[in-house]
Amino acid sequence: MLHTLHPLDPSPFGVVAMLRTRPEELDTAARLAVGAGIRWTREDLLWHHVQPEQGVWRWERYDRELGVLQAHGVNVLGLLCYGTPWAMSIRDAHGNPDIWSLPDLSAWSDYVSAVVERYRGQIHAWEIWNEPNSQTFWHPKPDPREYARLLIAGAEAVKRADPQAWVLGCNTGDVDPWFHRAVFDEGGWDCSDIIGVHPYRPPHTPERTDMVGDLLQLAALSAERGKVKPLWITEIGIASFPGVDGASEWWQAVHVLRYYLLALASGLVEKVFWYDFRDDGGDPNEEQQNFGLLRRDWSPKPSYEAFRLMAQTLEGFEPNGRFELGGDVVCLRFRRGEEERYAVWSSGKNMRRPVPSPSDRVTLLKFPEPARQIEAVDGWVSVDLNSCPLFLVSA
């Protein structure tokens with residue numbers, strides 16, 4: 001029997017790991033997320049936390065955390081991963097159960113079904129494992145056939161517990177057409193409602209590395225099978241730290257805007273989740289501690305303010321093509337009903353030049369500058385462009 005899937009909040013604006021905090025800070029996290037226009041968060045429900053021993057289930061932590069999110073109206077993409085010690089057959093170099101290897105699939109299915117059943121009314125979309133094409137998260141080495149077995153078993157367990165739930169498959173680190181194709185060929189295509197991907201590009205901009213072109217490759221793989229399934233970017237980010245793959249806090253904010261705008265304007269991507277919501281630590285020189293929109297002390301980085309401006313400006317708008325203005329100028333169009341809004345920037349040199357205007361009088365919105373209004377002349381306005389996107393909104 002075919003089931004209609006749950007309707008999902010259409011907002012594209014998400015983050016990762018909002019709940020990595022102390023219980024007394026959960027409400028603070030949720031309020032700051034809502035204040036920035038964040039409507040989705042991707043949260044892992046780790047098997048070894050939920051079921052540390054066979055027959056022992058521990059729900060208190062996730063009940064509490066998910067309850068806070070529900071109270072604030074934040075939607076959750078549930079990440080089902082990794083192994084749990086008692087269900088693993090592979091041992092690591094120290095002789096311990098390797099929870100990043102293929103688990104016992106019967107036990108895995110029981111875990112998935114139990115989690116989905118418990119949170120059936122709160123979570124409607126489930127992601128199966130994280131970056132299985134990465135040596136970090138799949139031992140002893142990435143194997144698309146093994147992952148396909150886990151994905152199929154997990155998807156079947158999700159649908160048994162909630163036939164209307166959405167299943168996200170693949171969820172690869174970077175765009176990996178070979179891995180996607182191999183998983184699809186082993187049955188992973190049929191059991192996935194959405195295809196997940198993590199197209200990290202640090203320290204480069206999405207234009208320089210042709211992120212959209214890479215996403216088109218995944219869409220082409222879908223088209224080969226007769227249907228283009230939705231793409232969700234369930235992780236993307238750049239750390240604000242001084243290393244070779246890092247950026248200044250201001251440049252991180254620029255990356256937030258350009259990653260989201262180009263991904264959404266492509267028409268291929270439904271949702272984007274920034275990794276991550278808050279810095280994981282306080283060492284300014286450590287990459288993994290500095291991906292957040294917020295610093296560890298909860299103070300907002302420039303990227304948080306840029307995210308808020310973007311979400312407030314484009315919530316409810318859909319991609320509507322782009323203007324081809326030549327050179328390094330990017331001008332993207334978004335539409336809601338009869339209203340259009342534009343996002344424009346230069347991917348090269350700073351410049352002043354005319355660009356199309358959505359109305360006779362427009363408000364210019366640009367982080368971190370104050371809003372201002374100008375008059376259009378024959379449908380065009382002259383504006384200063386640099387690497388940071390400028391939004392043009394009908395006044």
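Each value in this text was obtained by applying a stated rule to the coordinates, not by laboratory testing. Predicted, not measured: the structure shown is a model, and the values here were computed from it. With ideal geometry, Cβ positions are generated from the backbone for all residues, glycine too; neighbour counts draw on all protein chains shown.
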Next on the checklist: If I stretch the segment between ASP328 and GLU156 completely, what's the gain in nm (0.36 nm per residue apart, minus their alpha carbon distance), one decimal?
Outcome noted: 57.2 nm
Checklist entry - What net charge do the residues around PRO10 carry, taking every other residue with its C-beta under 10 Å from that of PRO10, with Lys and Arg at +1 and Asp and Glu at -1? => result -2
Checklist outcome for this item: One would report the antiparallel percent of DSSP beta bridges in the chain, rounded to the nearest 5, as 55 percent
Checklist outcome for this item: Any residue on another chain or 5+ positions along whose placed amide H is under 5 Å from the amide H of VAL76 is listed here as THR41, HIS124
Next on the checklist: Tell me the relative contact order for the chain as a rounded percent, counting alpha carbon contacts under 8 Å between residues six or more apart.
Outcome noted: 12 percent
Item to check | Förster-model FRET efficiency, 35 Å R0, ALA371 and VAL56, C-beta, rounded to 0.05 | outcome: 0.05
Item to check | Cβ-derived FRET efficiency at R0 41 Å, ASP27 paired with SER382, nearest 0.05 | outcome: 0.35
Checklist entry - Nearest 10 degrees, 0 to 90: what angle lies between the long axis of helix 249-265 and the longest principal axis of the chain (Cα atoms)? => result 80 degrees
Checklist entry - How much net charge surrounds HIS124 when only other residues with a Cβ under 15 Å from its Cβ are counted (Lys, Arg +1; Asp, Glu -1)? => result -1
Checklist entry - Using the Cα gyration tensor of the range 86-191, with a ≥ b ≥ c the square roots of its eigenvalues, what is the shape: rounded (a/c below 1.5), prolate (a/b larger than b/c) or oblate (neither)? => result oblate
Checklist entry - Angle, helix 211-224 long axis vs. longest principal axis of the chain, Cα atoms, 0 to 90°, nearest 10? => result 50 degrees
Checklist outcome for this item: Links exceeding 29 Å between C-alpha atoms in this model, out of LYS227/LYS271; LYS227/LYS301; LYS227/LYS366; LYS229/LYS301; LYS159/LYS271, come to LYS227/LYS301; LYS227/LYS366; LYS229/LYS301
Checklist entry - Out of the range 320-370, which GluC sites (Glu not before Pro) are coil in DSSP terms and have no more than 10 other C-beta atoms within 10 Å? => result GLU324, GLU338
Checklist outcome for this item: So the pair-distance distribution of the range 36-147, from every Cα-Cα distance in 10 Å bins, comes to percents of 13, 43, 30, 12, 1
Next on the checklist: Taking 8 Å as the Cα distance limit and 6 or more residues as the minimum spacing, I'd like the relative contact order of the range 42-184 as a percentage.
Outcome noted: 23 percent
Checklist entry - Considering the dipole of the chain built from charges on the beta carbon (Lys and Arg +1, Asp and Glu -1) around the Cα centre, which of TRP100, THR209, SER11 is farthest to its positive end? => result SER11
Checklist entry - Where does each of THR234, THR84, THR205 land when they are ranked from fewest to most other beta-carbon atoms within 10 angstrom? => result THR205, THR84, THR234
